[in-house]
Amino acid sequence: MKGCSIKSGCKSKAGGLTAKGRASINRKTGSNLQAPQPGGGPRKRSFCARNKGQIDKFNIDCKKTPKKRACLARKRWAC
């Protein structure tokens, strides 16, 4: 977003937004960005469950097609 930088305190040097940056974007856009949860938490479990359902529904075999988006997401999130 325009005006959101490391210097202004909205972004962290490690990458991602600080609490100030999330609050700023939430005000500007009306969104509800939340802080990352250590160890994943319930949002990660929910994502993994939805993703597994999609893989089952569409008969995706991640061993045969590891480049598919659903397979890459499971790998990234370590589901």
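No lab work stands behind these numbers, since they all come straight from the coordinates. All values reported here derive from a predicted model rather than from experimental measurement. Neighbour counts are summed over all protein chains in view; Cβ atoms, including those assigned to glycine, are modelled from backbone coordinates with ideal geometry.
Things to note:
- Members of the stretch 37-73 found to be of a type in the set (Phe, Trp, Tyr) and either in contact with an Asp or Glu (Cβ under 8 Å, 6 or more places away or on another chain) or in a loop (DSSP other than H, G, I, E, B) (or both), listed by number: PHE58
- Long-range neighbours under 7 Å by Cβ, at least six apart or interchain, first residue under 19 Å from GLN34 (Cα atoms) within the stretch 44-62, second in a helix (DSSP H, G or I): LYS44/TRP77; PHE47/TRP77; CYS48/TRP77
- The residues of the stretch 31-79 that are closer than 20 Å to ALA19 by Cα and of a type in the set (A, V, I, L, M, F, W, C), listed by number, are LEU33, ALA35.
- Restricting the stretch 22-79 to residues that are aromatic (Phe, Trp, Tyr) and under 30 Å from LYS2 (Cα atoms), the residue that is surrounded by the fewest Cβ atoms within 10 Å (Cβ to Cβ) is TRP77.
- Single residue of the stretch 8-19 satisfying the filter (touching a residue at least 12 places away in the same chain (Cβ under 8 Å) and surrounded by 13 or more Cβ atoms within 10 Å (Cβ to Cβ)) that is nearest to TRP77 (Cα to Cα): LEU17
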